[in-house]
Amino acid sequence: MTITVKTEIPDQLWQQAQSMVERGWVANMDELITESIRRYLESHPEEMNERSIREDVEKGLQGQH
């Protein structure tokens with residue numbers, strides 16, 4: 001299953017990404033974006049876990065399930 005995402009990307013960042021695709025570093029823009037998100041998530045697991053725990057605690061304190 002895949003999800004389609006619409007987003008705005010700064011022009012300079014887009015140009016750098018296009019250059020990577022054109023030089024063959026990745027097959028296409030979809031692959032570059034997917035790999036970039038995967039790497040970001042893998043490099044920030046503690047932050048995500050802490051944030052998730054804080055949100056759960058806040059919901060619990062507010063009586064939300």
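The values are calculated or read from the model by the stated rules, or taken from the named source; none is laboratory data. The structure displayed is predicted, hence computed values, not measured ones. Neighbour counts are summed over all protein chains in view; Cβ atoms, including those assigned to glycine, are modelled from backbone coordinates with ideal geometry. Heavy atoms of the whole protein, side chains included, go into the accessibility calculation; ligands, DNA and RNA do not. Shrake-Rupley method; radii C 1.70, N 1.55, O 1.52, S 1.80 Å.
Tabulated data for the structure shown
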| item | result |
| --- | --- |
| For the stretch 19-24, Karplus couplings with θ = phi - 60° (6.51, -1.76, 1.60), whole Hz, Gly/Pro x | 4, 4, 5, 4, 7, x |
| Surrounding net charge for His44, when Lys and Arg each add one and Asp and Glu each subtract one, Cβ distance under 11 Å | -2 |
| Per residue accessible area of the stretch 1-47, 1.4 Å probe, in Å² | 96 |
| Inter-label distance, nm, simple model (7 Å from Cα along the C-beta direction), Glu55/Gln16 | 2.7 |
| Overall dimensions of the chain as given by Cα atoms, namely Rg and Dmax in Å | 17.2, 53 |
| Solvent-accessible area, 1.4 Å probe, carbon plus sulfur percent, for the chain | 53 |
| Gaussian network model of the chain, springs between alpha carbon atoms under 10 Å - residue of Ser19, Ser36, Ser52 with greatest fluctuation | Ser52 |
